[in-house]
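> I have a structure I would like to understand better, so I am pasting it below and will then ask my questions one at a time.
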Amino acid sequence: WDETHFGKMGSYYINRTFFFDVHPPLGKMLIGLAGYLSGYDGTFLFQKPGDKYEHHNYMGMRGFCAFLGSLLVPFAYLTVLELSKSFPAALLAAALLTFDTGCLTLSQYILLDPILMFFIMAAMLSMVKYNSCANRPFSAPWWFWLSMTGINLAGALGVKFVGLFIILQVGWNTISDLWHLFGDLSLPVVTVGKHLTARVLCLIVLPLTLYTATYAVHFMVLNKSGPGDGFFSSAFQSRLSGNTLHNASIPEHLAYGSVITVKNLRMAIGYLHSHRHLYPEGIGARQQQVTTYLHKDYNNLWIIKKHNTNAADPLDPSSPVEFVRHGDIIRLEHKETSRNLHSHYHEAPLTRKHYQVTGYGINGTGDSNDFWRIEVVNRKFGNRIKVLRSRIRLIHLVTGCVLGSSGKVLPKWGWEQLEVTCTPYLKETLNSVWNVEDHINPKLPNISLDVLQPSFPEVLLESHMVMIRGNNGLKPKDNEFTSKPWHWPINYQGLRFSGINDTDFRVYLLGNPVVWWLNLLSIALYLVVGSAIAVAVQRGAHLPAEVEGLSQVLLRGGGQLLLGWVLHYFPFFLMGRILYFHHYFPAMLFSSMLTGILWDTLLRLGAWSLASSSLARGLYVVGNLGLLLGTAYSFYLFHPLAYGMVGPLAQDPRSPMAGLRWLESWDF
Amino acid sequence: QSVLEDPLLLFYKMLGYLEHPVVVTADINLNVVALTAVGLLSRLWQLSYPRAVVFDEVYYGQYISFYMKRIFFLDGSGPPFGHMLLALGGYLGGFDGNFLWNRIGAEYSSNVPVWSLRLLPALTGALSVPMAYQILMELGSSHWAATGAALLILIENALITQSRLMLLESVLIFFNLLAVLSYLKFANCQKQRPFSLSWWFWLMLTGVACSCAVGVKYVGVFTYLLVLAVAGVHAWHLIGDRTLSNVCVLGHVLARAAALLVVPAAMYLLFFYVHLSLVYRSGPHDQIMSSAFQASLEGGLARITQGQPLEVAYGSQVTLKNVFGKPVPCWLHSHQSTYPMIYENGRGSSHQQQVTCYPFKDVNNWWIVKDPGRHQLVVNNPPRPVRHGDVVQLVHGMTTRFLNTHDVAAPLSPHSQEVSCYIDYNISMPSQNLWRLEIVNRESDTEVWKTILSEVRLVHVNTSAVLKLSGAHLPDWGFRQLEVVGEKLSRGHHESAVWNVEEHRYGRGQEQKEREVELHSPAQMDISRNLSFVARFLELQWRMLTAKSDGSEHKYSSSPLDWVTLDTSIAYWLHPRTSAQIHLLGNVVIWASASLATVVYALLFFWYLLRRRRKICDLPEDSWLRWVLAGAVCAGGWAVNYLPFFLMEKTLFLYHYLPALTFQILLLPVVLQHISDRLCRTQLLRSLFGALLVAWYSCACHVFNALRPLTYGDKSLSPSELKALRWKDSWDILIRKY
């Protein structure tokens, strides 16, 4: 299943070819590293789910993920122990995670999620640990846990952007902590300042440095041209060996008579292109098509000419070189067909509100509709235009519209290239901004592109922009079934990891329903009990010392976990991108820990309210044992989901899993 | 004058004397009266000019016409209350709904009562002026500050433009302000006399105003949430008040819950109830709704389905409509043409008869439900109904071929199976035409398949594929109809795999010829069905929320970042001959100073907050509380009405900022008064500050006056004058070329 993605990206690191993914690089780098250390050579193709690994050494990568995944259990144990100081609570939380088939399945394969969950839990644990060191500020363990929190935050963010949520949680915790210190009048302001500085250092500076460092490594390792090139700008591509722009040397400033390619600044639009095919009957004027095309091709070449002179050949060595300047009126002639870039008041083929762009004229002689004003975005008039670096717009002189690409795919007649239009809306969008990429002019001195190479911060910024755009681009289609956030906590539907038919070896990602529904119940119960206690406290009710202590655990510790759950769950409702069931798992970790604390507290409260001490003890022990054994038994029932099952599908009454299909929507 | 200045105090003083006997105390604040008067003057001035469709009136006008003609429509942009208010204006003005709303700038015909249509937005816009005054008074500001706030609202050009047309922003702002005002009045009553008549009145009014705001536009929900949050905090303090008994606290909490949660929900339902009872005729938007919903409207589908037999039986003739209905609503269809032997990309097909989904009524949409065990295609007497779980065959009425699917890749979705009407070519490809019927919305496992009401999935018996609309358009060989496939992996229940019977009749004809005649004749029989209100409400609400507005760019669309700096504008209307025009532009002075005030407030707030934490109190407790409350209402109101737009993906316009701006303007006098009272320590400074304020206000008046021709559109300016008004390059003022 998704191993095809992340395994492949691990291979890319080993092969050092550049690729593009919507997630930050740390997770895939770690997978690559694990593969590298375990002797995987990066040659497996990872083409489609179900392919056999055969002789390839993949166990290192899987083992690494599984190891991180199994660390979640001790982390949960320690976190809950620290929050509640209660052994059974910690045990229950750990058991819930151990016996959850979903967590198990997710951490068995080469995926980013076990790594992400590892960092999230580690950050949570270090935060809790350092909170309990608060009475010994600036001691060694205090510094240790504080910086561990920072490191793990960087890790979480470096694997997926979902790591932002744990950063929010730590941030909230830190702010309330500082607020508390600030209100403590026994502390001088200088001490508070020291506290603030320590946190800024460990929770902001340190993670940022590490996060940036992962990118530095990422770009250093991936120095060969690969499948991800086209997503990035021309300047960016010049960094990659094997790319045509690498180590190329071209003239720096655009001059008349140069042969150029023009690339749209928006990701995955490509080069301005034309070819000897006309727009079909009924679609605008029957003139030559102009499109954008992602691949490099001779038909992407254009010659830049002055609008009024055609006679004097600008390439004539005797004539002086004349540079194109911002605001000049130019004409773009297609090199292969000698037609001019042209636009007129006909509607564009797909975007009806825009004007059609065509190739017009014979041997460079056209009409006044071929004139374009070239403008550099955010520059003064009269400046020269730099190759690669200048962001230019082409404004049609007669209609006043701007050359752009709508990004829509033309039908068959347009060879499924992308539509080029002239938009009358002058709003600046990336669709209508271009840059000059190749530039051939024998009369100008070539300069090495190394001068143009973007600096590291620019590269960092660009890769983030591309990632964000990529993430936004992942939209579900209308008629596709998609997972909705409200499906997740009720375990509405799982995800098929491998195998479809009854003869296949099938793995199905589904939470252990007993665990998940217990978690759901616990959250509801927690809200009721928590608000009851909070109201009682606010009303000034006098609680017995024991209940007071328990309610503190419930409100403080449980509150933090609830916040974690809320932060890792609710933002998904706002996301427009396509969502999957496994996005819920970080939230599920928090809710499992909350369950541990809640039930332990409830049992203690129940035991306390009973008169006789032996009965109370009995209730407490039986309750805890019951919960533990119940989850263990349910795991025994559902373990084939994670470890794989063969045989008829569960819809079939003959299947051994038939009795376990508690919801009709589970299709294992 | 001094008596008038503090009417509230006077009122409370008087209350002390006049206790039990019923006494009417009329106390008229001349200030409020005067402000209302100028507000009305500014908003109602030449209201019916221009007598032409201005900007979005073109949309709202359509809906008004629909109301006048009682035709059902669906508008995804907002709940129906706002449209109904506009329609009320039309009703009072005697509008018959006959006007073609198709073009901005089209001249109104004489039957359109422009004045009364525009009256309601204008009135609400005018009333916002005195309400601003009242809100600031309730926030504990001085009489001067309150008057200042009202005067600022009065001369804000964008607010004036927006309230003089058939648009809903001014109505929304009115209800937002009303909600805040009545909550503040309520909170002040709380201190004096809880559970008194006025306490109840203001509490209920808060709930009603909140629901009205939400009912006008969904964005009203943000103000509602703000009011809820403030009320929640106040209630929490109340719970902590140990002088009150438990019963008393419980009463307080319950009263608030009833007024702020139950009443708005009930009101919201009421809007829809009125809406649905007003628009009961079928119209152009029917197609989007489910068959059941359409059947509940007068005319349209109901005319056809009225009198159909309810239970589908073996031998029934049916049309099957896809429940999901996207990209277009359509019916299961087949026709004589076959799939091309080889597709353009080289894949092969079964070359059997095409099965598609067709968005128009057609005789080829008819299918006959057949019992696989019998040969007959007619309904027995008595009819044998089809139940959940039964295995059926579907026979295409006109060609008598069987609906079939097999392990051949579908034309456009190669991962799914092709669906065809089976033709026996004698090439060892047996027909696989058994389908198991699953009723999705069944209540029991033996439920009967019902016309319109039952939503069914057709599961192929041999391959367990599900009949599904893939949403792709077939190329020319398929006449651009929609592709229907057998989806092998039923990845959960998606509505595109669910169908319902729309038209239905019991087949009587034994012979094919008789059947064809039957298929061509319209269905007629008895019984009629009606959906419950709740079901209709839920469906309508769901469709409204999921209705996709075409996210196309618009010439005047803008991003929220442009709004704060007023880096955008909207041309609303241009006179057909002169260059008189209406242009949505804000009063830059007010705009800028309001933003500045917000920043100053935030800085001061955090400064005070930090110092208070170290036990340095710059402000006495009660004025600190007032300062916080003013910030929560005004700065908070600005934030909740502004920030969510950054997350929205729809096309945004400058006018979306106006509710936020109104709250920001209310904050301005609060901050100014605070500076004058607290930060100007000497009398001299204070007088200087006052002089500065006068200068600043006259500056704002000057800007108002300069932009007035664009606000009212009554005066044609020369090109050079217009150019001079173009203070920012991003303002797109239209200049006629002569």
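The values are calculated or read from the model by the stated rules, or taken from the named source; none is laboratory data. Computed from a predicted structure; not experimentally measured. Glycine also receives a Cβ, built like all others from the backbone with ideal geometry; neighbour counts cover every protein chain displayed. Quick note on the areas: whole protein, heavy atoms, side chains included, nothing else; ligands and nucleic acids left out. Shrake-Rupley method; radii C 1.70, N 1.55, O 1.52, S 1.80 Å.
> Name the residues whose placed amide hydrogens come within less than 5 Å of the amide hydrogen of A:His334, ignoring near sequence neighbours (fewer than 5 apart) on the same chain.
A:Ile303, A:Arg339, A:Asn340, A:Leu341
> Related question: Using only the alpha carbon atoms of chain A, find the Kirkwood hydrodynamic radius as the inverse mean reciprocal pair distance, in angstroms to one decimal.
For chain A, inverting the mean 1/r across all distinct Cα pairs yields 29.0 Å.
> Using DSSP, restrict attention to beta bridges with both residues in the protein assembly as shown and report what percent are antiparallel, rounded to the nearest 5.
Close to 95 percent.
> Hey, another quick one. Amide H neighbours of B:Ser316 under 5 Å, at least 5 residues apart or on other chains, H built in the peptide plane: list them.
Distant-sequence amide H within range of B:Ser316: B:Val369, B:Gly507.
> What residues have an amide H closer than 5 Å to that of A:Lys353, excluding those fewer than 5 places away on the same chain, when H is modeled at 1.01 Å from N in the peptide plane?
HN-HN under 5 Å from A:Lys353: empty list.
> Heavy atoms only, probe 1.4 angstrom, no DNA, RNA or ligands counted: give me A:Arg339, B:Arg51, B:Arg536 ranked by accessible area, highest first.
Greatest to least solvent exposure: B:Arg51, A:Arg339, B:Arg536.
> Rounded to the nearest 20 debye, what is the charge dipole size of segment A:249-448 about its Cα centre when +1 sits on each Lys and Arg Cβ and -1 on each Asp and Glu Cβ?
Once rounded to the nearest 20, the dipole reads 540 debye.
> OK, next. In segment A:517-552, what residues drop by 40 Å² or more of accessible area when the other protein chains are put back, versus the chain on its own? Use 1.4 Å, and skip ligands and nucleic acids.
Flagged in segment A:517-552: A:Gln538, A:Arg539.
> Now for a separate question. Of A:Pro445, A:Val398, A:Val376, whose Cα points farthest to the positive end of the dipole of segment A:249-448 (charges on the beta-carbon: +1 Lys, Arg; -1 Asp, Glu; origin at the Cα centre)?
Result: A:Val376.
> ³J(HN,Hα) across segment A:405-412 via Karplus (A = 6.51, B = -1.76, C = 1.60, θ = phi - 60°), whole Hz, x for Gly/Pro?
Ordered by residue, 3J(HN,Hα) equals 10, 7, x, 8, 7, 6, x, 2 Hz.
> Explain nothing, just compute: Karplus ³J(HN,Hα) = 6.51 cos²θ - 1.76 cosθ + 1.60, θ = phi - 60°, for every residue of segment B:178-189 in order, whole Hz, x for Gly and Pro.
In residue order, the calculated couplings are 4, 4, 5, 4, 5, 5, 5, 4, 4, 5, 6, 5 Hz.
> So, one more: What accessible area per residue comes out for the protein assembly as shown, rounded to a whole number of Å², with a 1.4 Å probe?
Normalised by residue count, the accessible surface of the protein assembly as shown is 43 Å².
> Counting Lys and Arg as +1 and Asp and Glu as -1, each charge on the Cβ, what is the dipole of chain B about the Cα centre in debye, to the nearest 20?
1240 debye
> Leaving ligands, DNA and RNA out of it, work out the accessible area of A:Tyr569 with a 1.4 Å probe and give it in Å² to the nearest 10.
10 Å²
> Kindly rank B:98-106, A:537-545 from highest to lowest mean number of other beta carbons found within 10 Å of each residue.
Result, highest mean Cβ count within 10 Å first: B:98-106, A:537-545.
> Can I ask one more? Run the accessible area of the protein assembly as shown with a 1.4 Å probe and give the carbon-and-sulfur part as a rounded percent.
Roughly 63 percent, rounded to a whole number.
> If you build the Cα gyration tensor of the protein assembly as shown and take the root of 5 times each eigenvalue, what three semi-axes come out, in whole angstrom, biggest first?
Here the semi-axes work out to 50, 46, 42 Å.
> Follow-up. Could you tell me the total accessible area buried at the B-A interface, probe 1.4 Å, in square angstrom to the nearest hundred?
Roughly 3000 Å².
> Using the Karplus equation 6.51 cos²θ - 1.76 cosθ + 1.60 (θ = phi - 60°), what ³J(HN,Hα) coupling, rounded to whole Hz, does each residue of segment B:157-168 give in order, writing x for Gly and Pro?
4, 4, 5, 5, 3, 5, 8, 8, 10, 6, 10, 9
> Run the dipole for the protein assembly as shown about the Cα centre, Lys and Arg Cβ at +1, Asp and Glu Cβ at -1, nothing else charged, and hand back the magnitude in debye, nearest 20.
2000 debye
> Something else: Farthest toward the dipole's positive end in segment A:162-302, which of A:Ser176, A:Pro207, A:Ile283, given Cβ charges of +1 (Lys, Arg) and -1 (Asp, Glu) about the Cα centre?
A:Ile283
> With all protein chains present, calculate the accessible area of B:Val466 using a 1.4 Å probe and round the result to the nearest 10 Å².
Rounded to the nearest 10, the figure is 10 Å².
> Let me ask something else about it. Using only the alpha-carbon atoms, what does chain B span along each of its principal axes? Please give whole angstrom values in decreasing order.
Between the extreme Cα coordinates on each principal axis of chain B lie 106, 77, 54 Å.
> Roughly how tilted is helix B:658-674, in degrees to the nearest 10 and between 0 and 90, from the longest Cα axis of chain B?
Taking the Cα atoms of chain B, the angle to B:658-674 is about 20 degrees.
> Rounded, prolate or oblate for segment A:249-448? Axes are the square roots of the Cα gyration tensor eigenvalues, ordered a ≥ b ≥ c, and the cut-off for rounded is a/c under 1.5.
Because a/c hits 1.5 or more and a/b exceeds b/c, segment A:249-448 counts as prolate.
> In segment A:169-185, which residues become less accessible by 20 Å² or more once every protein chain is in place, relative to the chain on its own, using a 1.4 Å probe?
For segment A:169-185, once contacts with the other chains are taken into account, A:Trp179, A:Phe182, A:Gly183, A:Leu185 lose 20 Å² or more.
> Answer with one residue from A:Ile597, A:Gly359, B:Pro644: the one whose Cα lies farthest towards the positive end of the charge dipole of the protein assembly as shown, charges on Cβ with Lys, Arg +1 and Asp, Glu -1.
So the residue we want is B:Pro644.
> Where in chain A are the helices, taken as whole DSSP H runs, whose Cα atoms extend 18 angstrom or more along the long axis and whose Kyte-Doolittle mean reaches at least 1.6?
Answer set is A:513-538.
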